[in-house]
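The values are calculated or read from the model by the stated rules, or taken from the named source; none is laboratory data. The structure presented is a predicted model; accordingly, all values stated were derived computationally and were not measured. Cβ coordinates were reconstructed from backbone atoms using ideal geometry, including for glycine residues, and neighbour counts include every protein chain displayed. Ligands, DNA and RNA are stripped out before the accessible areas are found, and what is left, the full protein with its side chains, is counted by its heavy atoms. Shrake-Rupley method; radii C 1.70, N 1.55, O 1.52, S 1.80 Å.
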Amino acid sequence: MRWPYVVLGASILVATVIDILWTTLWVDGGSGPLAGRLSTGIWRGLRRVSDERRTLSTAGPLILTGTLVLWIAGIWAGWSLVFAAEPWALVSTRTGLPADWPGRIYYVAYTMFTDGNGDYSPRGDVWELASALTTATGMAFVTLGVSYVLTVLSAVSQKRSFASAVTGLGERSEAFVRAGHTDTEGFDGIERPLESVGEQLGQLADQHQSYPILHYYHSERPTESAAVAVAILDDALTVFECGLPEGDGPNRTAWRVARASVDQYLHTLDTAFVDPADDPPPLPALDRLRRADIDTVSDDAFADALAKRSERRRTTLGVVRGDAWEWPPVDDETA
C-alpha cells in the first residue's frame, strides 16, 4: 500500500466534499473556501481584462461552470489517487494486468456516474467498497450540483425582476421620489410599491447570503442591475427621510420595511468583493423635486443631514462601482 497516495487522495476528497456541502447546503455559510476563491479570482481577472459590459456579463456563467468543474475534478482526482495506492486495486478484465494511470482515471470517471464497466474491475473487498463509494459520491454530488445551478439561475431572474421594479419607477433617486407623488394623495401611492420592492429585496438579500455567486452575475443594462437599483432605492429613502418636510413622506412603516431590506442586502456584501468608496456620491438634486411642485427642506439642511450618513452612502457607491457601474447609476437628465 502506497500511503502517500491514500493521504493525498483522501485530503482532496475531503476538501472537495466540504466545499460542496458548504456552498450548497449551509444557508449562512456563503461559498466554500475553494468556490469562493475561484469566484473572486475569475471576477477580478475579468475586471483586469476588460470593463466592457458583455465581458463582465460572462462572469456569472463562467464562475458557475468553473465551480462545477472544480467539484467534479476534485472527486475525480481524489478517487484516482486512492485507487493508485495499490497497484493491484484495479485489474483489466481482458489481460488480467493491473490498471495503469489512464486506466485508473478512466475507471473512476466511468464509475462516478454509473455502477462501473467491464474493462476494469476492483480486486478485493476494500476496492469493491471504494468503487461503491465512488459511485455514491459522484451521483450524490452531481445531483447537488444540478440543484445548485437551478436555484442560482432562478435567483438571477428574481434579481433582475427586482432591479426592473425599482428602475421602472425612476432611474434616479429623485425620479423615484417624484413618481410616488400626486397632487391629491401626496406620497400615499408609493407605499405599496415600497412594500413590494422591500419584500423582493429582502428575499434577494437572503439569496445573496446563501449563494454569493449572485454577486458576480453582471447585467449588461443598468436598469437590470440590482446594485444600481439598491443605490437608487436607498437614496430615494434618504430623500424621503431627510429631504422632505416632516410628515410629508410616505407611511413610516413602508419606509422602514424598505430600509431594513436595504440594510440586510448591504450586510451580505461584507465578505464579497465590495469595498466602500473613498468619498460619498453626489447629493440627490432637490431642485428636480421642486420643479415638480414637491416641498423640500433647504439644500443646506439636506446637506447637513446627509453628511451624517456619509459612510452609508460611500457603501452604496462601493456597491455600484463593485458591479462596474458609475454614479449616478443611470444617466437620466430629464428625471
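The residue that is surrounded by the most Cβ atoms within 10 Å (Cβ to Cβ), among those in segment 84-115 that are closer than 23 Å to VAL69 by Cβ and among the polar types (S, T, N, Q), is THR111.
Checking segment 91-102 against the condition returns a match, with at least one residue being assigned to a helix (DSSP H, G or I) and over 30 Å from the mean Cα position of the chain (by Cα). Pairs are defined by a Cβ separation below 7 Å, a sequence spacing of at least 6 or placement on different chains, a first member in segment 19-31 that is free of Cβ contacts under 8 Å to residues at least 40 places away in the same chain, and a second member that is not in a loop (DSSP other than H, G, I, E, B); the pairs so defined are GLY29/TRP22. Evaluating THR182 against the criteria (1) over 23 Å from ALA260 (Cβ atoms); (2) in contact (Cβ under 8 Å) with a residue 12 or more places away in the chain leaves one unmet condition, (2).
Of everything in segment 239-276 that is β-branched (Val, Ile, Thr) and within 25 Å of the chain's Cα centre (by Cα), the residue that is modelled with the highest pLDDT is VAL262. Would you be able to say whether some residue in segment 57-71 is within 28 Å of SER210 (Cα to Cα), hydroxyl-bearing (Ser, Thr, Tyr), in contact with a Phe, Trp or Tyr (Cβ under 6 Å, 6 or more places away or on another chain) and modelled with pLDDT under 90? No, every residue in segment 57-71 fails to be within 28 Å of SER210 (Cα to Cα), hydroxyl-bearing (Ser, Thr, Tyr), in contact with a Phe, Trp or Tyr (Cβ under 6 Å, 6 or more places away or on another chain) and modelled with pLDDT under 90. Candidates are the residues of segment 38-69 that are among the charged types (D, E, K, R) and surrounded by 13 or more Cβ atoms within 10 Å (Cβ to Cβ); the one that is nearest to THR24 (Cα to Cα) is ARG47. Of the residues screened, LEU266 is one that is under 30 Å from LEU68 (Cβ atoms) and assigned to a helix (DSSP H, G or I). When restricted to residues that are over 24 Å from LEU13 (Cβ atoms), of a type outside the set (A, V, I, L, M, F, W, C), open to solvent by 50 Å² or more (accessible area, probe 1.4 Å) and under 29 Å from the mean Cα position of the chain (by Cα), segment 116-162 contains 6. Residues that are open to solvent by 20 Å² or more (accessible area, probe 1.4 Å), of a type outside the set (A, V, I, L, M, F, W, C) and in contact with a helix residue (DSSP H, G or I) (Cβ under 9 Å, 6 or more places away or on another chain) within segment 264-285 comprise GLN264, HIS267, THR271, ASP275, PRO276, ASP278, ASP279, PRO280, listed in sequence order. Remark: pairs (first residue in segment 239-252, more than 13 Å from LEU306 (Cα to Cα) and open to solvent by 60 Å² or more (accessible area, probe 1.4 Å); second residue acidic (Asp, Glu) and part of a loop (DSSP other than H, G, I, E, B); Cβ separation under 7 Å; 6+ apart in sequence or on different chains) = ASP248/ASP295.
Where residues in segment 1-37 are open to solvent by 80 Å² or more (accessible area, probe 1.4 Å) and not in a helix (DSSP H, G or I), which of them is farthest from HIS215 (Cα to Cα)? Top of the filtered list is MET1. Is there a residue in segment 292-310 that is assigned to a helix (DSSP H, G or I), open to solvent by 70 Å² or more (accessible area, probe 1.4 Å), within 30 Å of ALA155 (Cα to Cα) and at pLDDT 90 or above? No: segment 292-310 contains no residue that is assigned to a helix (DSSP H, G or I), open to solvent by 70 Å² or more (accessible area, probe 1.4 Å), within 30 Å of ALA155 (Cα to Cα) and at pLDDT 90 or above. Reported count of residues in segment 198-217, each being touching a helix residue (DSSP H, G or I) at 6+ places or on another chain (Cβ under 6 Å), over 22 Å from GLY170 (Cβ atoms) and open to solvent by less than 20 Å² (accessible area, probe 1.4 Å), is 4.
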